[in-house]
Structure formats: structure tokens, C-alpha cells
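Enquirer: Can you keep this structure in mind? I'll have questions shortly.
The values are calculated or read from the model by the stated rules, or taken from the named source; none is laboratory data. Keep in mind it's a predicted model, so treat the numbers as computed, not measured. Here the Cβ positions follow ideal geometry from the backbone for every residue, glycine too, while neighbour counts run over all protein chains shown. Just the protein is used for accessible areas: all its heavy atoms, side chains included, with ligands, DNA and RNA removed. Shrake-Rupley method; radii C 1.70, N 1.55, O 1.52, S 1.80 Å.
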Amino acid sequence: MTRKLFGTDGVRGRANQGNMTAEMAMRLGMAAGTYFRNGDHAHNVVIGKDTRRSGYMLETAMTAGFAAVGMSTLMLGPLPTPAVGMLTRSMRADLGVMISASHNAFEDNGIKFFGPDGFKLSDEAELEIEALVRDLPPLVPPRDIGRSKRVDDGVGRYAEFIKTTIPRDLRLNGLRIVLDCAHGAAYRVAPQVLWELGAEVIPLGVQPDGYNINLDCGSTDTRRASKAVVEYRADIGLCLDGDADRIIVLDETGEVADGDQIMALIAKRRLSRGDSLVSTVMSNLGLERYLAKSGIGLTRTKVGDRYVVQEMRASGHRLGGEQSGHIVLLDHVTTGDGLLAGLQILAALVESGQAASDLLHVFDKVPQLLENVKFTPGTEPLQAEAVTSAIAEGESRFGDKGRLVIRASGTEPLIRVMGEHENPELLREVVMDIAAAVKNTK
């Protein structure tokens, strides 16, 4: 059986439509609450969210659903996704919920679940919850209805935890940092943490109004932060996304270092020969070649940070992530954490004494091109003969000098056509031929 409700990272869609209505949020609360309600103890769920207007609606609806099946809710307010995973475990909750559509625009929203261990759910658990959504579980008697209350110290708890992930005596004194919080979930906690560690912080994207999350800012649009780095003569720039589970870094010239460069830097500092890094099929060939020269392996998974984490847990690896900026350090957290990754980079900057431009250029990238092609939901463009033929021809032209990754997005109606080859002209020809074939399917 395949999942129909859950995508790559929880349930996501346009707010107040389809799977993102108040009714569906309540049904999800009832279903997940029933799935995790075991034993005779008091049952609690922690709920965090980002700054989208629709978060209020979904939070309230989920609270009602949880209460109806005997779950009490602890509402954290705006907090990063990794903070919800951490607090689910540290507060001994039965499950955690993050209401966020991550890097998407404000019109979208999403619901992510964490188990009592703080990790995102397996495909099997999501299938069982889907079944409970379809056939609503029984309601508890009046005496057992859940309650809800606000938790005011979530930001403080997470801030103190995240500071323990770098050496106790390391300070950021003298560093000038541009910090773009994307008007999202980290708008309070991220500037607070960097300032408390001694940095001079130039904050951007810290005035959320419910509509401006990820709008021309954050990890998906670094132009404003890049200009600010140069204008303020900052040492480095850190750009988070809407729920702060990913990060893109800027050097002192405003140039971008993506998740692959960040993983390479952390791997160089933390992994020994014989260890492996876990990343996805989207990571650059240059990263793979660099790791091989360093005696470090690369294990690839399908796209989605939860699949990276599942592989890390299964194989015992400590470091993983995605090119998009999800960086996972299982020694500390259960999911991608942009602020934690940023602190590792800042620690390296302080300890090495290098300029960010030198520190962050760990390997030379193989030319890579990604083309996103919209398709009509309900169609199967990757099954079309014209598309499969274009892919086969492209693979033949690349030979063993490059690679292709063509996949459907797990969060949007897009086909992502990615290619890598050392010949940029051939690369563009092949990728655009496949993209054109996808566009022409009906």
C-alpha cells in the first residue's frame, strides 16, 4: 500500500484547501493521537509551528482532535522544527507536531510528526495513521478528554541546548554575522543564541507578519543577505529557511556555500578515515570525489532528510544531510538543524582563523543543473514514452562522465530533472531535452 496523504516530509498543501483544512488537521490529530496513545499514563503532545497565518487555524484544529482522543497538548508557539523533535523527547511527550511548510511560501502549510524518541515517523507508521484518518477512531468519554496549555520556556530550553553543541569555552567575540531568519520559526531564538555567544549580529528576516515567511529571503533567496554581508563587511552570513531545519552559508564576499560544502567541512573536522557521510542522490559528484580522497565513504539515499536519518540510524553513521542545507548531526539532534550546523561552521571559523571564503570552499563542484518542470496532478509524466526515451538518450550521451537524477517532488507537482557533467554545454543540452519532453506530456 502506498501513502496518499503523507509526502516526503509529512502532510503538505495549500492552506484551507485539500489536505490542509481545519477538518483534516483535526482528523490527523485524532488519528495520530490514537496511534500514539498507549498505556495508562497521562498522554501529552507538543506542538510547534512557524509564523504562517494559517498556523493558528491548524494548531487549534489539531488541539481539538488530540483532546477528543484523550491527548493533552503543550503548545510551544513559533520554534524551529529540530526544537520540536528535541522537546518531544526531553519533555517525555508521546509525540510531537510541527506545523510548517518549511521553505514554501505562506500560502502553503504542512504537518510533520515526531515519535516519542524525537525522530520523524517511518513510512509504515504514516500508513497506519492514514488508515485511522479514513476510519476515524472512537472518541474518549468526557472524563478523559485532553487539555491544552501554552509552554512559555520552549525558546529558552532550545537555546540552552543548542549552545552545548560547541565547546563550552568557545566564544564568537569579534565575529560580525549577517543572520537571515526568513521571517520564520527561528526569528527569536537564532539571534538570541548568537548574541549570547558573543557575536555582533546583523539580523534580517526577523519581523514576521504571517505572510512574509520565505519571501525574498532566507535559504531559498540569499540575495538580500549577500548584499548585507558586503555592505556591513560581515565575516559570514547564515541563511535559515522558514522552519530553520536547513541553512545556506555566505562567505565574506557574499558567495554561497550550499549543503554539500557544509557537509564536506564538517566531515573534514568530525569524521575519520573509514567513516561515511550519508546524503541523497542530489549531492554533487565533487563531494563524492573529495570524500573518497579523504578515505570517507558516501552513502546516498532518496531525497528527504528523514530518509537520510533512517539510513544514519540503521548504519550507525553520525553525519548526514542534503545539498539543500539540511545538516544532521545525530550526536546532538534527530533531524536537520540549521542553527546547529551554523554553530559548527562558526566554531570552525574561530578555531581555524581562516576567512570564510577559504574555509567554505572545501571541494570543486562538478557542473550541476536542476530544472523543475510543473505537471498536472494525476498524470504520470515519468511513465511517458517520450520522457523515458529522452532519459535513456541522455544517459547514453553522458556515459560514465556524469549522471542524471529525475524524480517527482514529494511536496509539489514538479518533476525535478537534475544532471551533472564536466562539459557544461552537454549538460545543458541533455537536461533541457528531458525537461522539454516532460513539458510536452499530457
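Enquirer: Go over the candidates MET86, MET62 one by one and state the one that is under 18 Å from the mean Cα position of the chain (by Cα) and either of a type outside the set (Asp, Glu) or open to solvent by less than 30 Å² (accessible area, probe 1.4 Å) (or both).
Expert: From the options MET86, MET62, the qualifying one is MET86.
Enquirer: Filter segment 195-208 for residues that are surrounded by 16 or more Cβ atoms within 10 Å (Cβ to Cβ) and without any contact (Cβ under 8 Å) to a residue 24 or more places away in the chain and give the result.
Expert: none
Enquirer: Looking at segment 209-248, which of the residues that are open to solvent by 40 Å² or more (accessible area, probe 1.4 Å), over 16 Å from the mean Cα position of the chain (by Cα) and not basic (Lys, Arg) is farthest from GLU107 (Cα to Cα)?
Expert: So the first thing to find is which residues in segment 209-248 are open to solvent by 40 Å² or more (accessible area, probe 1.4 Å), and the list is 209, 211, 215-216, 220, 223-224, 227, 230-233, 235.
Those still in the list that are over 16 Å from the mean Cα position of the chain (by Cα) too: 209, 211, 215-216, 223-224, 227, 230-233, 235.
After this cut, where a residue has to be not basic (Lys, Arg) as well, the list is 209, 211, 215-216, 230-232, 235.
Working: ASP209: 13, TYR211: 8, LEU215: 11, ASP216: 15, VAL230: 32, GLU231: 32, TYR232: 33, ASP235: 34 Å.
It comes out as ASP235.
Enquirer: Give all pairs with beta carbons closer than 7 Å in which a residue from segment 72-96 that is modelled with pLDDT under 95 meets a residue that is assigned to a helix (DSSP H, G or I) and open to solvent by less than 10 Å² (accessible area, probe 1.4 Å); count only pairs at least 6 apart in sequence or on separate chains.
Expert: Listed by first residue and then by second, the contacts come to nothing, as the list is empty.
Enquirer: Within segment 280-301, how many residues are in contact (Cβ under 8 Å) with a residue 40 or more places away in the chain and either aromatic (Phe, Trp, Tyr) or open to solvent by 70 Å² or more (accessible area, probe 1.4 Å) (or both)?
Expert: Residues flagged as in contact (Cβ under 8 Å) with a residue 40 or more places away in the chain and either aromatic (Phe, Trp, Tyr) or open to solvent by 70 Å² or more (accessible area, probe 1.4 Å) (or both) within segment 280-301 amount to 2.
Enquirer: Next question. Assess whether LEU170 counts as being surrounded by fewer than 18 Cβ atoms within 10 Å (Cβ to Cβ) and either of a type in the set (A, V, I, L, M) or under 25 Å from the mean Cα position of the chain (by Cα) (or both). Spell out the reasoning first.
Expert: Working: surrounded by fewer than 18 Cβ atoms within 10 Å (Cβ to Cβ): yes; either of a type in the set (A, V, I, L, M) or under 25 Å from the mean Cα position of the chain (by Cα) (or both): yes.
Answer is yes for this residue.
Enquirer: Under the condition of being of a type in the set (A, V, I, L, M, F, W, C) and open to solvent by less than 30 Å² (accessible area, probe 1.4 Å), which residue from segment 5-23 is farthest from ARG92 (Cα to Cα)?
Expert: ALA15
Enquirer: What about LEU319, is it within 14 Å of the chain's Cα centre (by Cα) and either surrounded by fewer than 24 Cβ atoms within 10 Å (Cβ to Cβ) or over 19 Å from GLU420 (Cα atoms) (or both)?
Expert: no
Enquirer: Regarding segment 160-182, can at least one residue be identified that is of a type in the set (Gly, Ala, Ser) and on the phi < 0 side of the Ramachandran plot?
Expert: No, segment 160-182 contains no residue that is of a type in the set (Gly, Ala, Ser) and on the phi < 0 side of the Ramachandran plot.
Enquirer: Could you check, for segment 66-75, whether at least one of its residues is among the hydroxyl-bearing types (Ser, Thr, Tyr), farther than 18 Å from PRO137 by Cβ and open to solvent by 10 Å² or more (accessible area, probe 1.4 Å)?
Expert: Within segment 66-75, none of the residues are among the hydroxyl-bearing types (Ser, Thr, Tyr), farther than 18 Å from PRO137 by Cβ and open to solvent by 10 Å² or more (accessible area, probe 1.4 Å).
Enquirer: Continuing with this model, one more query. In the set VAL333, VAL405, which member is open to solvent by less than 40 Å² (accessible area, probe 1.4 Å), of a type in the set (A, V, I, L, M, F, W, C), on the phi < 0 side of the Ramachandran plot and part of a loop (DSSP other than H, G, I, E, B)?
Expert: Values: VAL405 fails: part of a loop (DSSP other than H, G, I, E, B).
Just a single option satisfies the conditions, and that option is VAL333.
Enquirer: How about segment 336-373: which of its residues are of a type in the set (Val, Ile, Thr) and modelled with pLDDT of 95 or more?
Expert: Once the filter is applied, which keeps residues that are of a type in the set (Val, Ile, Thr) and modelled with pLDDT of 95 or more, segment 336-373 yields ILE345, VAL350, VAL362.
Enquirer: Would you please name the residue that is farthest from the chain's Cα centre (by Cα), looking only at residues in segment 336-365 that are part of a loop (DSSP other than H, G, I, E, B) and in contact (Cβ under 8 Å) with a residue 24 or more places away in the chain? Lay out the reasoning, then the answer.
Expert: The initial filter retains those residues of segment 336-365 that are part of a loop (DSSP other than H, G, I, E, B), namely 336-337, 353-355, 361-365.
Checking which are in contact (Cβ under 8 Å) with a residue 24 or more places away in the chain leaves us with 336-337, 355, 361-365.
On the way: GLY336: 6, ASP337: 8, ALA355: 27, HIS361: 23, VAL362: 23, PHE363: 23, ASP364: 25, LYS365: 22 Å.
If we take residues in segment 336-365 being part of a loop (DSSP other than H, G, I, E, B) and in contact (Cβ under 8 Å) with a residue 24 or more places away in the chain, then ALA355 is farthest from the chain's Cα centre (by Cα).
Enquirer: Hey, another quick one. Going by what's in this entry, would CYS181 be described as crowded, with 22+ Cβ neighbours inside 10 Å and touching a Lys or Arg at 6+ places or on another chain (Cβ under 7 Å)?
Expert: Spelling it out, it is not the case that CYS181 is crowded, with 22+ Cβ neighbours inside 10 Å and touching a Lys or Arg at 6+ places or on another chain (Cβ under 7 Å).
Enquirer: Continuing with the same structure: Can you name the number of the only condition in (1) closer than 15 Å to LEU319 by Cα; (2) touching a residue at least 40 places away in the same chain (Cβ under 8 Å); (3) surrounded by fewer than 16 Cβ atoms within 10 Å (Cβ to Cβ) that ASP275 fails?
Expert: (3)
Enquirer: If you don't mind, there's one more thing I want to ask. Just for segment 249-270: of the residues that are over 17 Å from the mean Cα position of the chain (by Cα) and among the hydrophobic types (A, V, I, L, M, F, W, C), which one is most open to solvent (accessible area, probe 1.4 Å)?
Expert: VAL256
Enquirer: Now for a different question. For segment 379-395, indicate whether the set of residues that are open to solvent by 40 Å² or more (accessible area, probe 1.4 Å), assigned to a loop (DSSP other than H, G, I, E, B) and among the small types (Gly, Ala, Ser) is non-empty. I'd like the intermediate steps shown before the answer.
Expert: Taking segment 379-395 as the starting set, the residues that turn out to be open to solvent by 40 Å² or more (accessible area, probe 1.4 Å) are 379-380, 382-383, 385-386, 388-389, 392-393, 395.
This time we only want the ones that are assigned to a loop (DSSP other than H, G, I, E, B), so: 379-380.
Of the ones still in play, those that are also among the small types (Gly, Ala, Ser) are none.
No: segment 379-395 contains no residue that is open to solvent by 40 Å² or more (accessible area, probe 1.4 Å), assigned to a loop (DSSP other than H, G, I, E, B) and among the small types (Gly, Ala, Ser).
Enquirer: Conditions: (1) assigned to a helix (DSSP H, G or I); (2) touching a Phe, Trp or Tyr at 6+ places or on another chain (Cβ under 6 Å). TYR211 meets all but one. Number of the miss?
Expert: Condition not satisfied by TYR211: (1).
Enquirer: Same structure, new question: Filter segment 208-267 for residues that are in contact with a Ser or Thr (Cβ under 8 Å, 6 or more places away or on another chain) and among the aliphatic types (A, V, I, L, M) and give the result.
Expert: Within segment 208-267, ILE213, VAL229, VAL230, LEU240, ALA244, ILE247, ILE248, LEU250, VAL256, MET263, ALA267 qualify.
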